[in-house]
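Some notes on the structure that comes next.
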Amino acid sequence: MRNCLSRCDISMFGAGSALVLVCLATSAVGDDRASVCAAIESAAERLACYDEAFGAEAEAAQRSADELTAESAAATAAVIVAPNNEPDADDFGFAKEKSETEGESLTSTITGLRKDAYKRRVFELENGQVWRQIEYKRVSVDVGEVAVIRHGSFNSYKLYIGNTKRWTRVRRVE
């Protein structure tokens, strides 16, 4: 590793030092103008001195503040109202992007029961949805019973049978 500064390092150091000196000089000039105006005893003359010394800076600051206010007003006027994101019962259970407004449960009556090729239950609901059991768990259920499907953890769903604690994990098929 090198222990000495290169020409670029020195020139950057010199440019930075020059910038600091320019800022300090400008600040000193501003302080000097303020002290000259502060020494004036007449209020009207002192105000005129301050206006002359700092008026251009104040006008520029006011103009930029007015421009920012106008831009803010235009941005506020351009706000678009978000569409209504109410959960739709027809889409309940289908994979989609994560939504904070998705309904937490769905209640329907079981209108049909069958078993698939893997001997897992397939539940047909009154609202036309079809749900398939995704675990090998014995569940006693009959056609006509009320089914409550609740959103579980890790984007899973549980089908509860009636008002009991009987449940099984399901996935929506149709």
Point to revise | Mean Cβ count within 10 Å, highest first, over the residues of peptides 35-42, 141-148, 123-130, 157-164 | key: 123-130, 157-164, 141-148, 35-42
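Report the extension gain between Phe54 and Ser140 in nm, rounded to one decimal, defined as 0.36 nm multiplied by the number of residues separating them, less their alpha carbon distance.
Between Phe54 and Ser140, full extension yields an extra 22.4 nm.
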Review point. In a shell of Cβ-Cβ distance under 10 Å around Arg172, excluding Arg172 itself, what net charge do Lys and Arg (+1) and Asp and Glu (-1) give?
Key: 0
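Every read-out reported here was derived from the displayed coordinates using simple, explicitly stated rules and does not represent laboratory data. No experiment lies behind these values; they were computed from the predicted model shown. Don't worry about glycine lacking a Cβ; one is built from the backbone with ideal geometry, like all the others, and counts go over all protein chains shown.
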